[in-house]
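In what follows, a structure is listed as structure tokens, so that the remarks can point back to it.
The values are calculated or read from the model by the stated rules, or taken from the named source; none is laboratory data. None of the values given here were measured: they were computed from a predicted structure. Here Cβ is always computed from backbone atoms with ideal geometry, including for glycine, and neighbour counts include all displayed protein chains. Note: accessible area is taken over every heavy atom of the protein model, side chains too, but ligands, DNA and RNA are not part of it. Shrake-Rupley method; radii C 1.70, N 1.55, O 1.52, S 1.80 Å.
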Protein chains: 2
Amino acid sequence: MKAVTVRDGELFVSDHPDPEPGSGELLVRVLAAGLNGADMMQRRGLYPAPPGAPQEIPGLEFAGEVVALGPGARRFQEGDRVMAVVGGGGQAELVTVHERAAMPVPGGLGWPEAGGIPETFTTAHDALFTQAGLKPGEHLLVHGAAGGVGTAGIQLARATGARVTATVRNEQLRAGVADFGAEVIDPAGFEENGPFDVILELVGAPNLGANVRSLATLGRIVIIGISAGAKAELNLGALMGTRARIMGSTLRPRPLEEKAAAARALERSVLPLIESGSVRVPVHATYPLDQAAEAYDAFAAGGKLGKIVLIT
Amino acid sequence: MKAVTVRDGELFVSDHPDPEPGSGELLVRVLAAGLNGADMMQRRGLYPAPPGAPQEIPGLEFAGEVVALGPGARRFQEGDRVMAVVGGGGQAELVTVHERAAMPVPGGLGWPEAGGIPETFTTAHDALFTQAGLKPGEHLLVHGAAGGVGTAGIQLARATGARVTATVRNEQLRAGVADFGAEVIDPAGFEENGPFDVILELVGAPNLGANVRSLATLGRIVIIGISAGAKAELNLGALMGTRARIMGSTLRPRPLEEKAAAARALERSVLPLIESGSVRVPVHATYPLDQAAEAYDAFAAGGKLGKIVLIT
């Protein structure tokens, strides 16, 4: 099979042996695979694949058709449309995934949208609800909101009755982000729009000080992106004063049982919203698998609204 | 009544009008009132009393006898032995407290011990269980463990089946702290004794970096003391890598409903352990109310094992 390959900091498309589904696993013909910030880091050699995942083939999310079942697999049939988060290997013509980590693709949804759902919406849902416990009526701030996780987070928060403020650096993208239901502001001086009950941090260290200062009592900050830097000064006294929490989260290294639990949460709480059309999956652009390098370059360049997805 | 008084950075004992119990409140003749780190900060003008609390009379915990009931109070009778956390005013001959914030003093317990329980054990229990969710079999690290909250935290963690490591700077105190069930180590190089599932931070910023590095996956750090400093560099990438949480917590500014809920948790989970003798309240020294300044000086000097308590 063909697959995106990262080796020694180079990204290209090459042939690999077809994977074989093990016990309880599905073999899936991938039709769409979303790009994520983690892929950019892996390309730069900063985020190696976890043990057990394909080491050279990136790709944390995909959607496609089941083409074979491993021993004991029974949740899906050949031909079913599925999607999943994996530790790697999604950006390929074929991938294996444990059936407990797979989810059905909502009826009527196109492949590019489906390929951009699993990592993106699981990350947003897990961060906002499982980690931060966002509640109706709370005020959420999303930093760096124009991408896949940001637009997912805005919509999921709105669907649960929260108020959402979002920072977007690129002026051209602000109106598009506002369409998802957020009040969109310039990142500079965001503190004045608080206090915030929950902050979803997709940018990184430069926001930390003002994040902590702008929290409401019992506020929570969830760190899921640090592209602008990882290290910043933290004022523990301010954290005590508002009895605040700072949480770091990643999806990729989680073991099967946690990925499966997150998939169940998504099936229960998010997929019905997508199926009904009340939550959308914005796809900024699609690229064929052979043009993976161009797709990565476009992702790294920024300026996108929603997802970049490889079509295989 | 006589009361400890803090005015313009000076601490002395002076006369104040007797307080009167309002609706649902108890008037309590204080017999013992523990000192806490917050009192040291208030003496230095750094921690003003919250709105509604006596502004000039410190004291966050006390034990004593009910001498009068305000309108509608019905949980206790005159003569009952009670203890409570208050926003201030505990270091006085008389204090008022809402009956929902008061707890019964365990049978057979002496007054000095009772006066050192409420703030100390509520802080430790709330931090370890309500905030950090410490579970049986987890590994807890307590930084600065020789004081009241530290020794309470060690014992409560042991009683729930956790393993406890404790740092104590003063070599003379280490054997005494070990008697509560912790492996006691020098603070230097504590990282080598990890990984830790929960860290109870009573010292402050200098430990932050090594705390984050020594956490197990899904580890939690609860910051409840920052006497050694408030500001430190935080590595958000490390926080993401272990999916860790840093939480700040204080008891004093909490509203009545939260103080009452914490009192109920203590009645249910901690007071039975004290009544049975399986958890002890170490009292390092007692001072009469008139010698409050000496008591504060002794607290600030450090080198104590357990509580310093004023006897009124």
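Output the number of residues of the stretch B:158-182 satisfying the condition of being part of a strand (DSSP E or B) and either closer than 24 Å to B:Ser269 by Cβ or basic (Lys, Arg) (or both). Give the steps one after another, and end with the answer.
Initially, the stretch B:158-182 is screened for residues part of a strand (DSSP E or B), giving B:163-167.
So of that shortlist, the ones also either closer than 24 Å to B:Ser269 by Cβ or basic (Lys, Arg) (or both) come out as B:163-166.
Total satisfying the criteria: 4.
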Exercise for the section: Answer yes or no as to whether B:Met247 is more than 15 Å from B:Ala84 (Cα to Cα), within 8 Å of another protein chain (Cβ to nearest Cβ), among the aliphatic types (A, V, I, L, M) and assigned to a strand (DSSP E or B). Expected result: yes
Practice task
Exactly one condition in (1) touching a Pro at 6+ places or on another chain (Cβ under 8 Å); (2) buried (at least 24 other Cβ atoms within 10 Å of the Cβ); (3) within 14 Å of another protein chain (Cβ to nearest Cβ) is not met by B:Leu202; state its number.
Solution key: (1)
Practice task
Scan the stretch B:254-264 and give yes if some residue there is within 14 Å of another protein chain (Cβ to nearest Cβ) and in contact with an Asp or Glu (Cβ under 7 Å, 6 or more places away or on another chain), otherwise no.
Solution key: yes
Practice task
State whether the residues of the stretch B:225-232 include one that is within 11 Å of chain A (Cβ to nearest Cβ), closer than 28 Å to A:Pro255 by Cβ and either without any contact (Cβ under 8 Å) to a residue 60 or more places away in the chain or surrounded by fewer than 19 Cβ atoms within 10 Å (Cβ to Cβ) (or both).
Solution key: no
Exercise for the section: Residue by residue through the stretch A:268-312, note down the ones that are touching a strand residue (DSSP E or B) at 6+ places or on another chain (Cβ under 6 Å), more than 27 Å from A:Arg169 (Cα to Cα) and open to solvent by less than 50 Å² (accessible area, probe 1.4 Å). Expected result: A:Leu289, A:Thr312
Completion exercise
Within the stretch A:161-177, the residues that are among the hydrophobic types (A, V, I, L, M, F, W, C) and either on the phi > 0 side of the Ramachandran plot or surrounded by 17 or more Cβ atoms within 10 Å (Cβ to Cβ) (or both) are A:Ala162, A:Val164, A:Ala166, A:Val168, A:Leu173, A:Val177
Exercise for the section: Count, please, the residues in the stretch A:16-58 that happen to be basic (Lys, Arg) and touching a residue at least 40 places away in the same chain (Cβ under 8 Å). Expected result: 2
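Take the conditions within 30 Å of A:Val86 (Cα to Cα), in a strand (DSSP E or B) and open to solvent by 10 Å² or more (accessible area, probe 1.4 Å) and apply them to A:Arg254. Does it pass? If you could, list the steps in order and put the result at the bottom.
On the way: within 30 Å of A:Val86 (Cα to Cα): yes; in a strand (DSSP E or B): no; open to solvent by 10 Å² or more (accessible area, probe 1.4 Å): yes.
Answer is no for this residue.
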Exercise for the section: For the stretch A:117-126, state whether one or more residues are crowded, with 24+ Cβ neighbours inside 10 Å, touching a strand residue (DSSP E or B) at 6+ places or on another chain (Cβ under 8 Å) and of a type in the set (D, E, K, R). Expected result: yes
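Filter the strands (runs of 3 or more DSSP E) completely within the stretch B:1-118 down to those with at least 2 residues that are within 18 Å of the chain's Cα centre (by Cα) and modelled with pLDDT of 95 or more. Full working, then the answer.
On the way: elements: B:2-7, B:10-15, B:25-34, B:61-69, B:81-85, B:94-98, B:102-104.
The qualifying strands (runs of 3 or more DSSP E) are B:25-34, B:61-69, B:81-85, B:102-104.
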Fill in the blank from the handout: For B:Gln291, the lone unmet condition from (1) away from chain A (no Cβ under 14 Å); (2) part of a strand (DSSP E or B) is (2)
Handout entry: Only listed residue being without any contact (Cβ under 8 Å) to a residue 24 or more places away in the chain and over 17 Å from B:Met240 (Cβ atoms), chosen from A:Ala157, A:Ala145, A:Ala178
Key = A:Ala178
Handout entry: Checking A:Glu192 against (1) in a helix (DSSP H, G or I); (2) within 18 Å of A:Ser214 (Cβ to Cβ); (3) touching a helix residue (DSSP H, G or I) at 6+ places or on another chain (Cβ under 9 Å); (4) open to solvent by 30 Å² or more (accessible area, probe 1.4 Å), the condition it does not meet
Key = (3)
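Residues checked against (1) part of a strand (DSSP E or B); (2) at pLDDT 95 or above; (3) closer than 15 Å to B:Ala132 by Cβ; (4) out of contact with any Leu (no Cβ under 8 Å at 6 or more places or on another chain):
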{"residue": "B:Pro206", "(1), (2), (3), (4)": "no, yes, no, yes"}
{"residue": "B:Ala210", "(1), (2), (3), (4)": "no, yes, no, yes"}
{"residue": "B:Leu218", "(1), (2), (3), (4)": "yes, yes, yes, yes"}
{"residue": "B:Val222", "(1), (2), (3), (4)": "yes, yes, yes, no"}
{"residue": "B:Ala228", "(1), (2), (3), (4)": "no, no, no, yes"}
Practice task
Return yes when A:Leu236 is within 11 Å of another protein chain (Cβ to nearest Cβ), free of Cβ contacts under 8 Å to residues at least 40 places away in the same chain and more than 30 Å from A:Ser269 (Cα to Cα) and no when it is not.
Solution key: yes
Problem - For A:Leu215: the one exception among (1) in contact (Cβ under 8 Å) with a residue 24 or more places away in the chain; (2) open to solvent by 30 Å² or more (accessible area, probe 1.4 Å) - result: (2)
Practice task
Please go through the stretch B:22-57 and pick out each residue that is open to solvent by less than 30 Å² (accessible area, probe 1.4 Å), in contact with a strand residue (DSSP E or B) (Cβ under 9 Å, 6 or more places away or on another chain) and not aliphatic (A, V, I, L, M).
Solution key: B:Gly22, B:Gly24, B:Gly34, B:Asn36, B:Asp39, B:Gln42
